[in-house]
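Student: What follows is a single structure, and I will ask about it in a moment.
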Amino acid sequence: MEQAQSLRDSYAFQKSNVEERRQRASDSVSLGSRGDFDRQLNDLAANIWVLDAAVGKVEKAEELSPTPDDARLSVTYAVGERTSLPSRTDRQQVQIAAIPMAADFYKVVAPALSAQVYDEAKIVNESEVVLLPGPVSTYVGGRFVGYGAAPMVASHESFTLGFGIDASLRCSREMVARTEDVQGGNRIVDLSYRLTIQNFGREEANIRLLDRMPMLSSGDIKITLLDGEERELSDDTEYQRGDRAKGILRWDVLVGPGSVGAAAFQEDYRFRLEYDRQMTISGLPGQGG
C-alpha cells in the first residue's frame, strides 16, 4: 500500500505540473509541445486507472487528432485584390480571406485529465477554400483566449476548435468503491466512479461530460459497463459510431447555476473486470508480474 500511495502521489504531482504547463498561453511554448503535454496527461490517467484496478482507492493529498501527412498537398490561394508590402526581410502576413462559418458551441470536460471545463465549437467550412493545418489564435468577444492548432479542413468539412477555459465551472473524478470477489475460476472486480461538476456561474451550462473505460487488445479480461440508475450515454450518432467504440463514455448534461457544494451535479457509474483468478493486473512502474 505504501508503494501504491507513493506512485499515486507521484502521478498527482506530475499531472498538476503537466496541466499547468499545457494551460500557459505563451509564445515560448510551441504547439508541438502542447501536444506532448496532452499525451503525458493521457499516460498519467492510464497509470492511475491501473492503480485503481490493482489496489483500489488510496487516500492521497489528487485534442486534435494526429495530423495526416499533408506534405505533398498543393493548394493555391488567390488574393482578392492588389496589396502592398513594406520592403523588409522579416516574415509578413497577408490576409487571403475572411470566411464566416456555422458553428455549434458547447462545453466539454474530461475529469480524468483536467479539473477545467473547456469551451469548444464544431465548425463547418462552408467555403470552397481548403484550410491547411497550422497554428490558430482564438478570440471570444474580441478577447484573446488562447493558442491552438487546426487540422487540414476540406471544403464543406467540419472540424473542432477550442475557445479556452470557462472559469465558472469546475469538475472532479473520484473512485468511490471497489469490490473484489472470486466466482468459480474467475476474479470479479467492480469499480465505481463519481464525476462531479460545480457551476459557480449564473447561467445553465450545457456540458459534454467525458470519461473512459480501458480498451484491451487481449480477450483475457472481460470489461462490462454495468446497468444502474445513472443516466443514459449520449445518443449522438457521431459519438455512437466513433468514440463509443473506443471506450469513451459521454453524457450530455445540463448543470444549473449555483450547483456547488452539496448541490453540485454528480454522475455515478460502475464497470466490471472479469479475468482468470490466477492473473495479476500489472503495468505499474517498478512492478513485475
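The values are calculated or read from the model by the stated rules, or taken from the named source; none is laboratory data. The shown structure was predicted, so the numbers you read here are calculated from the model rather than taken from an experiment. When we count neighbours, we look across all protein chains shown, and the Cβ atoms used for this are built from the backbone with ideal geometry, even at glycine.
Student: Look through the stretch 150-186, keep the residues that are in contact with a Pro (Cβ under 8 Å, 6 or more places away or on another chain) and not basic (Lys, Arg), and return whichever of them is nearest to Tyr269 (Cα to Cα). Give the steps one after another, and end with the answer.
Tutor: In the first step, residues of the stretch 150-186 are kept if they are in contact with a Pro (Cβ under 8 Å, 6 or more places away or on another chain); the result is 150-152, 159, 171-173.
Narrowing further to those that are not basic (Lys, Arg): 150-152, 159, 171-172.
Values: Ala150: 34, Pro151: 34, Met152: 37, Phe159: 30, Cys171: 16, Ser172: 14 Å.
So, considering only residues that are in contact with a Pro (Cβ under 8 Å, 6 or more places away or on another chain) and not basic (Lys, Arg), the one nearest to Tyr269 (Cα to Cα) is Ser172.
Student: In the stretch 228-264, what residues are surrounded by fewer than 16 Cβ atoms within 10 Å (Cβ to Cβ) and within 16 Å of Cys171 (Cα to Cα)?
Tutor: Leu254, Gly256, Pro257, Gly258, Val260, Gly261, Ala262, Ala263
Student: Identify, by number, the condition in (1) farther than 30 Å from Gln266 by Cβ; (2) outside any strand (DSSP E or B) that Ala112 doesn't meet.
Tutor: All conditions are met except number (1).
Student: Which fully enclosed strands (runs of 3 or more DSSP E) of the stretch 165-269 have 2 or more residues being at pLDDT 90 or above and within 22 Å of the chain's Cα centre (by Cα)? Quick ask: steps written out before the conclusion?
Tutor: On the way: elements: 186-199, 205-212, 221-225, 248-255.
Output list reads 186-199, 205-212, 248-255.
Student: A further question on this structure: Using the structure shown, decide if Val136 is at pLDDT 80 or above, part of a strand (DSSP E or B), of a type in the set (A, V, I, L, M) and on the phi < 0 side of the Ramachandran plot. Don't jump to the end; show me each part of the working.
Tutor: Values: at pLDDT 80 or above: yes; part of a strand (DSSP E or B): yes; of a type in the set (A, V, I, L, M): yes; on the phi < 0 side of the Ramachandran plot: yes.
Judged against the criteria, Val136 is a match.
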